[in-house]
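Peer 1: Sending over a structure as structure tokens; questions will come in a sec.
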Amino acid sequence: MLENNPVLDAIRSRRSIRKYTGEPIAEPVRRAILEAGFYAPSAMNRRPFHFVSITDRELMQKLSDLHPYAKMLPQADWAIIVCGDESVSGPFYMDDCAAATQNILLAAHSLGVGAVWCGVDHTERQQPFGELLGLPEHIKAYSLIVLGMPAEEKETLDRVEPDKIHENRW
Ligand SMILES: Cc1cc2nc3c(=O)[nH]c(=O)nc-3n(C[C@H](O)[C@H](O)[C@H](O)COP(=O)(O)O)c2cc1C
């Protein structure tokens, strides 16, 4: 059970992929990746997530222009903006959207698709992203996930830091 566990293997080997081949991601694969977002846990099961699927090249360029750390976006095949409905979950939309974002990253990785989480919430980019996408005021752009078939390979790192594991008390 601990050996060759597909979930643990995916969690451990997932890395941010920022270089893409340009090959298109197959439609059923896209669908499975996007739908993984809906399976995230959410506070009080309110599921405040909305997902904006971005394939319009011009829009990708505009989003990249607004985001200093998403310069890989114009080379990508696809992007998803994970958004949260603040009117249904208040500040918990952020936790819920983080969980949905990680689900999408893991689903992409498990299907051989490269992806990277680019931060939008807590930044000056949130408002212009909302305006560009035509989001209503109560819908907050949380993260930008950039996706494409990977043109780089990254090693699995040992990231466990035993000093940061605390038993019962600090
Ligand atoms: C909240 C958050 C915001 C991030 N923002 C960006 C970003 O704007 N651009 C980027 O290239 N990577 C971004 N990343 C990816 C991190 O740089 C990356 O996860 C980290 O360096 C660890 O590398 P790994 O994902 O390969 O394990 C972000 C990650 C998180 C969780």
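The values are calculated or read from the model by the stated rules, or taken from the named source; none is laboratory data. Just so you know, these numbers come straight off a predicted model, no measurement behind them. Don't worry about glycine lacking a Cβ; one is built from the backbone with ideal geometry, like all the others, and counts go over all protein chains shown. To get the accessible areas, we keep the full protein, side chains included, count just its heavy atoms, and leave off ligands, DNA and RNA. Shrake-Rupley method; radii C 1.70, N 1.55, O 1.52, S 1.80 Å.
Peer 1: Out of MET60, MET44, report the one residue that is open to solvent by less than 10 Å² (accessible area, probe 1.4 Å), over 27 Å from ARG12 (Cβ atoms) and part of a helix (DSSP H, G or I). Step through it out loud before you land on a result.
Peer 2: Numbers: MET44 fails: open to solvent by less than 10 Å² (accessible area, probe 1.4 Å).
Among MET60, MET44, only MET60 is open to solvent by less than 10 Å² (accessible area, probe 1.4 Å), over 27 Å from ARG12 (Cβ atoms) and part of a helix (DSSP H, G or I).
Peer 1: Which pairs do you get when a residue that is assigned to a helix (DSSP H, G or I) and crowded, with 24+ Cβ neighbours inside 10 Å, found in segment 90-111, comes within reach of a residue that is modelled with pLDDT of 95 or more and among the acidic types (Asp, Glu), reach meaning Cβ atoms under 7 angstrom, with the pair 6+ apart or on two chains?
Peer 2: Matching pairs, first to second residue: TYR93/ASP85; TYR93/GLU86.
Peer 1: Go through segment 67-89 and count every residue that is surrounded by fewer than 18 Cβ atoms within 10 Å (Cβ to Cβ), in a helix (DSSP H, G or I) and within 13 Å of the ligand (Cβ to nearest atom).
Peer 2: 1
Peer 1: Would you be able to tell me the number of residues in segment 1-24 that are open to solvent by less than 80 Å² (accessible area, probe 1.4 Å) and either in contact with a strand residue (DSSP E or B) (Cβ under 8 Å, 6 or more places away or on another chain) or without any contact (Cβ under 8 Å) to a residue 60 or more places away in the chain (or both)?
Peer 2: 8
Peer 1: Given the residues GLU161, GLU124, GLU137, which is the only one that is of a type outside the set (Phe, Trp, Tyr), open to solvent by 70 Å² or more (accessible area, probe 1.4 Å) and under 20 Å from the mean Cα position of the chain (by Cα)? Steps first, please.
Peer 2: Values: GLU161 fails: under 20 Å from the mean Cα position of the chain (by Cα); GLU137 fails: under 20 Å from the mean Cα position of the chain (by Cα).
Exactly one residue qualifies, and that residue is GLU124.
Peer 1: If you don't mind, another one. Kindly check whether there is at least one residue in segment 149-158 that is open to solvent by 10 Å² or more (accessible area, probe 1.4 Å), under 12 Å from the mean Cα position of the chain (by Cα) and near the ligand (Cβ under 10 Å from one of its atoms).
Peer 2: Quick first cut of segment 149-158, residues open to solvent by 10 Å² or more (accessible area, probe 1.4 Å) only: 149-158.
Cutting the leftovers down to under 12 Å from the mean Cα position of the chain (by Cα) gives us none.
Scanning segment 149-158 turns up no residue that is open to solvent by 10 Å² or more (accessible area, probe 1.4 Å), under 12 Å from the mean Cα position of the chain (by Cα) and near the ligand (Cβ under 10 Å from one of its atoms).
Peer 1: How do the pairs read when you match residues in segment 142-164 that are touching a residue at least 60 places away in the same chain (Cβ under 8 Å) with residues anywhere that are open to solvent by 40 Å² or more (accessible area, probe 1.4 Å) and within 12 Å of the ligand (Cβ to nearest atom), using Cβ under 7 Å and keeping only pairs 6 or more apart or on different chains?
Peer 2: Pairs found: TYR142/MET94; SER143/TRP117; ILE145/TRP117; ALA151/LYS19; GLU152/LYS19; LYS154/ARG15; THR156/ARG12.
Peer 1: I would also like to ask the following. Of the residues GLU3, GLU58, GLU27, GLU23, which is farther than 23 Å from ASP95 by Cα and either within 16 Å of the ligand (Cβ to nearest atom) or modelled with pLDDT under 95 (or both)? Before you say what the answer is, go through the steps one by one.
Peer 2: On the way: GLU58 fails: either within 16 Å of the ligand (Cβ to nearest atom) or modelled with pLDDT under 95 (or both); GLU27 fails: either within 16 Å of the ligand (Cβ to nearest atom) or modelled with pLDDT under 95 (or both); GLU23 fails: either within 16 Å of the ligand (Cβ to nearest atom) or modelled with pLDDT under 95 (or both).
It is GLU3.
Peer 1: How many residues are within 12 Å of the ligand (Cβ to nearest atom), farther than 14 Å from GLY84 by Cα and not in a strand (DSSP E or B) if we restrict to segment 116-140?
Peer 2: Residues that pass the stated criteria total 2.
Peer 1: Would you mind finding the one in ILE17, ILE33 that is within 15 Å of the ligand (Cβ to nearest atom) and closer than 17 Å to LEU73 by Cβ?
Peer 2: Details: ILE33 fails: within 15 Å of the ligand (Cβ to nearest atom).
The unique qualifying residue is ILE17.
Peer 1: Evaluate the following for ARG15: is it farther than 20 Å from ALA151 by Cα, at pLDDT 95 or above, not in a helix (DSSP H, G or I) and not small (Gly, Ala, Ser)?
Peer 2: no
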